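Asker: A single structure is presented below for examination.
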Amino acid sequence: MSQRETIQCWHEACLAFDAKDYTASLELFQRCPEQLSKILYNQAIVLIALDRVVDAVQALSDAIQKDNHFAMAYFQRSCLYFLCQQYEEVCSCMTPCILLSVHTKCVFDLTIS
């Protein structure tokens, strides 16, 4: 599959998400020809919107497995673990997140505009 097809599929999934059609968005993300770490991360965000926390954790784990420098995926996964009161997992996720953000001088801007 071509990179163009993956980008087109990702774009359609984002449009569905923006329209709050989360089920269609998830289906489109899952149909993307190449399951890149960022696409898996986007799937996790949709799964969170659908209140499917366990599946979101798995999608974030898959994203991290593909890109172990994906600090935001570690951060989101630790937030989900916190919501599930799995505090040991929170610590295990936050450690690489903090190390990666310090190493890359990354700042998470979580403000909503």
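The values are calculated or read from the model by the stated rules, or taken from the named source; none is laboratory data. Remember, predicted model here, so these are calculated numbers, not experimental data. Glycine also receives a Cβ, built like all others from the backbone with ideal geometry; neighbour counts cover every protein chain displayed. The protein model used for the area step is the full one, side chains on, heavy atoms only, and it has no ligands, DNA or RNA in it. Shrake-Rupley method; radii C 1.70, N 1.55, O 1.52, S 1.80 Å.
Asker: Are any residues in region 37-56 assigned to a helix (DSSP H, G or I), open to solvent by 20 Å² or more (accessible area, probe 1.4 Å) and touching a Leu at 6+ places or on another chain (Cβ under 8 Å), and if so, which ones?
Answerer: TYR41, ILE48, VAL53, ASP55 - these are the residues of region 37-56 that are assigned to a helix (DSSP H, G or I), open to solvent by 20 Å² or more (accessible area, probe 1.4 Å) and touching a Leu at 6+ places or on another chain (Cβ under 8 Å).
Asker: Filtering region 23-36 down to residues that are touching a helix residue (DSSP H, G or I) at 6+ places or on another chain (Cβ under 6 Å) and in contact (Cβ under 8 Å) with a residue 24 or more places away in the chain, which residue is surrounded by the fewest Cβ atoms within 10 Å (Cβ to Cβ)?
Answerer: This residue is GLU34.
Asker: A further question follows. Just to be sure, is THR111 modelled with pLDDT under 90, hydroxyl-bearing (Ser, Thr, Tyr) and open to solvent by 30 Å² or more (accessible area, probe 1.4 Å)?
Answerer: Taking the combined requirement at face value, the residue satisfies it.
Asker: Can you tell me how many residues within region 57-81 are touching a Lys or Arg at 6+ places or on another chain (Cβ under 9 Å) and part of a loop (DSSP other than H, G, I, E, B)?
Answerer: The number of residues fulfilling the criteria is 2.
Asker: May I pose another question? For region 57-75, which residues satisfy the criterion of being open to solvent by 40 Å² or more (accessible area, probe 1.4 Å) and modelled with pLDDT of 90 or more?
Answerer: GLN58, ASP62, GLN65, LYS66, ASP67
Asker: I would also like to ask the following. Which of the residues belonging to region 1-36 are of a type in the set (Ser, Thr, Tyr) and either in contact with a strand residue (DSSP E or B) (Cβ under 7 Å, 6 or more places away or on another chain) or part of a helix (DSSP H, G or I) (or both)?
Answerer: Across region 1-36, the qualifying residues are THR6, TYR22, THR23, SER25.
Asker: Something else now. Of everything in region 6-22, what is open to solvent by less than 80 Å² (accessible area, probe 1.4 Å) and in contact (Cβ under 8 Å) with a residue 24 or more places away in the chain? Give them in sequence order.
Answerer: THR6, CYS9, ALA13, CYS14, PHE17, TYR22
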